[in-house]
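One structure is given below, encoded as structure tokens.
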Amino acid sequence: MDRIVIEISRYLILICMSIYTIQCFAVFRFGNEYDRKGIYLRQNFFMVMVHFCGFISLYAQNGDMKYFKAYLIQQIGILVILISYKLIYPRANSLIINNMCMLVTIGLLILTRISYNKAMRQFYIVMGAVAVTMVVPYIISRIRFFEKFKWLYVGIGIASLAAVLMFSTVINGSKINITISSYTFQPSEYVKIIFVFAIASILAHDHHLKAIIISAVIAMIHVLLLVASKDLGSAIIFFIVYFCMLFAATRNIWYFLIGLVGGAAGAVGGYKLFSHVRVRVTAFLDPMGNITDAGYQIAQSLFAIGTGGWLGMGIGQGAPQTIPVVAADFIFSAICEEFGVIFGMCLVLLCLSCFVMFINIAMKFEDPFFKLVALGLSVSYIFQVFLTVGGVIKFIPLTGVTLPLVSYGGTSVAVTCCVFAVIQGLYISKGHDNRKQKPLTAADFKTEKLDIVELQ
């Protein structure tokens, strides 16, 4: 009987995830949130089903009531997030809310399978992060002078990264975290947001050579501090984000090409300067030939993905514990092993739908500052997804970054929640700018069928 439950759950999870992902792109067929309402409700149903089926399978295998308890706590928490956003921000974009909750749901489900304690700790971090960042959309939509603090952004960002370089201890060859008392956090995560605001403040209204040089020097200092700390994954993200924002601000293709050349030169320099980079490149080029040493992680990752196949082995049926650092850097491998490659592809497409919506919001802004902020955060998010997934499937060398909202890691989850909240605030802000009227209620939706949130 238990085996039947596991098999049925495995297929139901895959079906629900596939339909949910299709709905992510179906929303773009409609011009307003009212017409999308049915899609969002269906997404909520399939989100709940994925979570429910996963925990039914875990309980069937273990018979431990702690899984039933964890399911109730997590499900109630996710529903509280969904309901709270809709009550507090009726103009909010439901696709962003749903996708954020779906990514959290997937992360909590696979983390519960890997480590019950880590999953519950992640859940409490998510709830705390959402509670704190719930005020962010209101602040973003109401305050219009963020670009005046550019030197404050620069100072905080550089000081934070310098503090990591000076006070952090080396872990796995890199200086990434700072520990205060019993709390450990990764400053480079929240500096991503500050960095985007800094560059947007400098380039929003001034495209002269002087402003470009100043922004380049600031970006270079951030990147060099990260390189000196050997946090090369974050350094790459900062580098890419800067040149994308520079190109968007100036529309000069030469700057983008210079960025490509500079990136290639930096990659060669990193390979020659840092031994752990050479180790990762060696593992990337021939993981099976170095399976007992440098290639062990990536080899185990590929074995896991290959073992899962298209449909997966079913939650609890794989062996994700054989992959080092699986809860953080290699969470995507565990997902593909137990839920299947199709599920993994749907997860990537889900993240891509977030990016498409983020870019859609950025393109609708006439204010260059907010346009650049939305663009910078969008690129930062999707490029981090690319680095994580690309590394574990051996498309690119490993960089050691997490999969946003899915991987285990308190700072990463909290900062990603903040990124989603900032984008949500920009979306709501645009709605206010377009209509110049008081917020509409749910009754206005039903009686007038107005598009109060579509960015026109």
Cβ pairs under 6 Å, 6+ apart, first in the range 91-105 and surrounded by fewer than 24 Cβ atoms within 10 Å (Cβ to Cβ), second of a type in the set (Gly, Ala, Ser) and in a helix (DSSP H, G or I): ARG91/GLY431
Conditions (1) on the phi > 0 side of the Ramachandran plot; (2) touching a helix residue (DSSP H, G or I) at 6+ places or on another chain (Cβ under 7 Å); (3) surrounded by fewer than 16 Cβ atoms within 10 Å (Cβ to Cβ); number of the one not met by MET288: (1)
Set ALA334, ALA304: member being among the aliphatic types (A, V, I, L, M), touching a Lys or Arg at 6+ places or on another chain (Cβ under 9 Å) and buried (at least 16 other Cβ atoms within 10 Å of the Cβ): ALA334
For PHE370: the one exception among (1) touching a residue at least 12 places away in the same chain (Cβ under 8 Å); (2) closer than 19 Å to MET245 by Cα; (3) part of a loop (DSSP other than H, G, I, E, B): (3)
Boolean, ASP231 is among the acidic types (Asp, Glu) and under 30 Å from TYR408 (Cβ atoms): yes
Scope the range 97-130; condition out of contact with any helix residue (DSSP H, G or I) (no Cβ under 6 Å at 6 or more places or on another chain) and under 16 Å from PHE420 (Cβ atoms); matching residues: LEU103, ILE106, GLY107, GLY128
Exclusive hit being crowded, with 21+ Cβ neighbours inside 10 Å, without any contact (Cβ under 8 Å) to a residue 40 or more places away in the chain and in a helix (DSSP H, G or I), set ILE78, ILE140: ILE78
In the range 297-332, the residues that are in contact with a Pro (Cβ under 7 Å, 6 or more places away or on another chain) and either under 24 Å from MET120 (Cβ atoms) or free of Cβ contacts under 8 Å to residues at least 40 places away in the same chain (or both): ALA299, ALA304, VAL326
Hits in the range 194-219 (condition: in contact with a helix residue (DSSP H, G or I) (Cβ under 9 Å, 6 or more places away or on another chain) and either assigned to a loop (DSSP other than H, G, I, E, B) or surrounded by fewer than 23 Cβ atoms within 10 Å (Cβ to Cβ) (or both)): ILE194, ALA204, HIS205, ASP206, HIS207, ALA211, ILE212, ILE214, ALA216, ILE218, ALA219
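Being aliphatic (A, V, I, L, M) and more than 26 Å from ILE106 (Cα to Cα) narrows it down to one of VAL281, VAL325, so name that one.
Matching residue, one of VAL281, VAL325: VAL281.
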Flag for ASN117 being in a helix (DSSP H, G or I) and within 22 Å of ILE361 (Cα to Cα): no
The range 13-33 - residue that is surrounded by fewer than 18 Cβ atoms within 10 Å (Cβ to Cβ) and assigned to a helix (DSSP H, G or I) and, of those, modelled with the lowest pLDDT: ARG29
Residue under evaluation VAL227, criteria (1) under 30 Å from ASP329 (Cβ atoms); (2) touching a residue at least 60 places away in the same chain (Cβ under 8 Å), criterion not met: (2)
Residue count for the range 388-403, restricted to those that are part of a loop (DSSP other than H, G, I, E, B) and either crowded, with 20+ Cβ neighbours inside 10 Å or small (Gly, Ala, Ser) (or both): 7
Helices (runs of 4 or more DSSP H) fully within the range 245-353 counting 1 or more residues that are touching a Cys at 6+ places or on another chain (Cβ under 8 Å) and at pLDDT 85 or above: 296-308
Residues (surrounded by fewer than 18 Cβ atoms within 10 Å (Cβ to Cβ) and hydrophobic (A, V, I, L, M, F, W, C)) located in the range 34-48: LEU41, PHE45, VAL48
Selection within the range 250-285 - more than 17 Å from PHE239 (Cβ to Cβ), surrounded by 13 or more Cβ atoms within 10 Å (Cβ to Cβ) and free of Cβ contacts under 8 Å to residues at least 24 places away in the same chain: ASN252, ARG278, VAL279, THR282, LEU285
Long-range neighbours under 6 Å by Cβ, at least six apart or interchain, first residue free of Cβ contacts under 8 Å to residues at least 60 places away in the same chain and closer than 22 Å to ASN98 by Cα within the range 2-23, second part of a helix (DSSP H, G or I) and of a type outside the set (Ser, Thr, Tyr): LEU12/CYS53; CYS16/PHE46; CYS16/MET49; CYS16/VAL50; ILE19/PHE46; GLN23/ILE39; GLN23/ARG42; GLN23/GLN43
Selection count where residues are farther than 17 Å from ILE315 by Cα and either small (Gly, Ala, Ser) or touching a Leu at 6+ places or on another chain (Cβ under 9 Å) (or both), scope the range 34-58: 7
Test: ALA200 is modelled with pLDDT of 85 or more, aliphatic (A, V, I, L, M) and more than 30 Å from TYR427 (Cα to Cα): no
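The values are calculated or read from the model by the stated rules, or taken from the named source; none is laboratory data. Fair warning: this is a prediction, and the values are worked out from it, not measured in the lab. In this analysis, Cβ positions are derived from the backbone assuming ideal geometry, glycine residues included, and neighbour counts consider all displayed protein chains.
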